[in-house]
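See below for the structure under consideration.
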Amino acid sequence: MKEQTSKKEREKNMSGLVNKHGRPLSSGGSSEKKPGFIKSVATWIVKVIAFIPLFLASLMEHFAEPGGAGAVLLGSLVFCVGVIMSADGYWQMLGGKALLPFFEYTWLGWHWLPGITFFPPRIWLGILVNPIFWVAIFFSFTTQVLQSFFFNGDVKAISSRSGLNAKTVGLVALITFSIEIVLTFATRNPLRYDDPSMVLGCLLYDCTSVVSAECGYTVYKMLKG
């Protein structure tokens, strides 16, 4: 009899308690119910809808955060484009058609880039098998390195390593910079256009080409972290 009375008292005391959701607790302890079928379906629908935005945000994070794989890849691509823009003038002076179509009447077309096709299966290396292209890249890269040392104030460092005095190194950098300006404006002459907007556009493009590789390398270092 006493046992039954104490059991009723415990149930009476438990009736005033509630769980974290505000539901009353039964005498058997917590009675939280599992989410129903409709709620589970709604949760999965939200996850499916949010997948694309979350994926894009995660992808953007890789490209925006310095040191990420996407950021390094983007910086490398910017540097490669800068080198090609700079090498285009050397390539044309060595007898080739323009690599890029901007402000040009004739150019090689995009088939000079490496590529692959599946129908029919074919792989081609494009201009990469042409040694003249690598000569142009070498001249462009060397010029940009010398300019970078000169404009970043590293003339003393390179002069101590090469055994040349600072004035000689600065003179070499200035000569290579002048040669690149002449080559760039000779291959894409803004004065051949009559339209003022074309003249201005070509002039801006030439100025960008002169410093494109160095700017591309600066972007690469920033994104690499």
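The values are calculated or read from the model by the stated rules, or taken from the named source; none is laboratory data. Source: prediction; values computed, not measured. Heads up, the Cβs are rebuilt from the backbone with ideal geometry, glycines too, and the neighbour counts pull from every protein chain shown. When the accessible area is computed, the model is the full protein with side chains, heavy atoms only, and any ligands, DNA or RNA have been set aside. Shrake-Rupley method; radii C 1.70, N 1.55, O 1.52, S 1.80 Å.
Pick out the one residue from Leu200, Leu191 that is open to solvent by 30 Å² or more (accessible area, probe 1.4 Å), of a type in the set (A, V, I, L, M, F, W, C), part of a helix (DSSP H, G or I) and modelled with pLDDT of 90 or more.
Only one candidate passes the filter, namely Leu200.
Checking Val83 against (1) free of Cβ contacts under 8 Å to residues at least 12 places away in the same chain; (2) closer than 20 Å to Thr218 by Cβ, which test does it fail?
It fails just one condition, (1).
Residues to consider are Val210, Val219, Val155; find the one that is surrounded by 14 or more Cβ atoms within 10 Å (Cβ to Cβ), farther than 23 Å from Met93 by Cβ, at pLDDT 80 or above and β-branched (Val, Ile, Thr).
Answer to the selection: Val219.
Residues in the stretch 96-112: is at least one in contact with a strand residue (DSSP E or B) (Cβ under 8 Å, 6 or more places away or on another chain), of a type in the set (Ser, Thr, Tyr) and modelled with pLDDT of 80 or more?
Yes, because at least one residue in the stretch 96-112 is in contact with a strand residue (DSSP E or B) (Cβ under 8 Å, 6 or more places away or on another chain), of a type in the set (Ser, Thr, Tyr) and modelled with pLDDT of 80 or more.
Being in contact with a Gly (Cβ under 8 Å, 6 or more places away or on another chain) and closer than 30 Å to Leu223 by Cβ is true for just one of Ala71, Ala50, Ala57. Which residue is that?
Ala71
Can you tell me which residue is most open to solvent (accessible area, probe 1.4 Å) among those in the stretch 104-123 that are of a type in the set (A, V, I, L, M, F, W, C) and under 30 Å from Thr184 (Cα atoms)?
Trp110
From the list Tyr105, Tyr90, which residue is hydroxyl-bearing (Ser, Thr, Tyr) and not in a helix (DSSP H, G or I)?
Tyr105
Of the residues that sit in the stretch 124-148 and are at pLDDT 80 or above and in contact with a Phe, Trp or Tyr (Cβ under 6 Å, 6 or more places away or on another chain), which one is surrounded by the fewest Cβ atoms within 10 Å (Cβ to Cβ)?
Among those residues, the one meeting the criterion is Gly126.
Could you give me the residue pairs with C-beta distances under 7 Å whose first residue belongs to the stretch 195-209 and is closer than 14 Å to Pro101 by Cα, whose second residue is polar (S, T, N, Q) and surrounded by 13 or more Cβ atoms within 10 Å (Cβ to Cβ) wherever it lies, and which are 6+ apart or on separate chains?
Cβ pairs passing all conditions: Asp206/Thr184; Ser209/Ser86; Ser209/Thr184.
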